[in-house]
Amino acid sequence: MHKGENLSLDYTLVNDNAVDFAIVMGLKSVDYVAGVNVSNSIPYTGSNTFYVVWEKSMSGLDLADATHMNAYLRWSSASKDLDLYFIYNNGNNWNTSRFMSKHRNDFLGMAEESLTGIDIQYYLKTFQDVGIGISNPSDQESYSLDLSFTGEKSTDNGHATPGYISSLSAGEKKSIQVSIDTSALNYGETYDYYLTAEENGQEVARAPIRLTILENTQVTTTTTTTTTASSTTVAGSTTTTIQGGCTLAGDNPPCDVIEVSEIINLITAWTQSNASIADVIALINAWTGS
């Protein structure tokens, strides 16, 4: 699909529980709110403890509009095995959350860890403070930590049809079409959206959409299924014809220039059953030149 054309995606809304009333379908865009880089060195911490390297209360950032947080950690030597934690303070001490990135980097030869999609508003509302912790089981190491914060809002370049469903009986299915106008989007950039279903102002289901405008003016999309309530499911499939693009799974334009971040993203997709181990091995082999 060329820039300027309308992207059309087809979904099915399924009710697998009691009847739902007054369902509002919406399309939200994910927008950048704030970002910060922390570059420093971290001393030996041991393998089971972490050092607090960033605290929201000390940052001066206004995160009132942020819904999600991403963290990307890089360090000097791939022979070191640093781990990354999103942490919270309950008023007495710092604790690790469910968001952590731990790999045997010394075996993989990759000096980076990343966290994506942290639902930071929950932690900001529930706990006294939030932060980032790093563990370092070896001697002192230099690192660079990039943090980004995003928010969600109704988009003005797309919509869902129908936008309102008066009722959905148990077992009933409803076809939903998402349309996105790509004329205002920039070449080479990636855009994230969410198709959402709300009942009585409460979100009951969502499905993510990732859209990339490629350098050859083609558009690719990635859609997956996500359910946030037991009664409603959004299943999606794209009708987009993908032309061009890269041969290897996980490789993004410019093609054949493999970045370590692409390998980590593909490994993460594999752990979530969204990629095969063969694809991961192929991408690593391409990166190493073997």
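Here are the numbers:
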| item | result |
| --- | --- |
| Alpha-carbon spread of the range 44-139, three principal axes, descending order, Å | 39, 26, 23 |
| 222 nm mean residue ellipticity, helices alone, for the chain (DSSP H n ≥ 4; -39,500 (n - 2.57); rounded to 500) | -3500 deg cm²/dmol |
| Cα-based helix-to-principal-axis angle, 277-288 vs the chain, degrees rounded to 10 | 50 |
| For q = 0.17 Å⁻¹, Debye-computed log10 I/I(0) when each Cα of the chain counts as one equal scatterer | -1.41 |
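Quick note: the coordinates plus some simple rules give every number you see, no bench work behind them. Keep in mind that this is a model prediction, so the values were computed, not measured.
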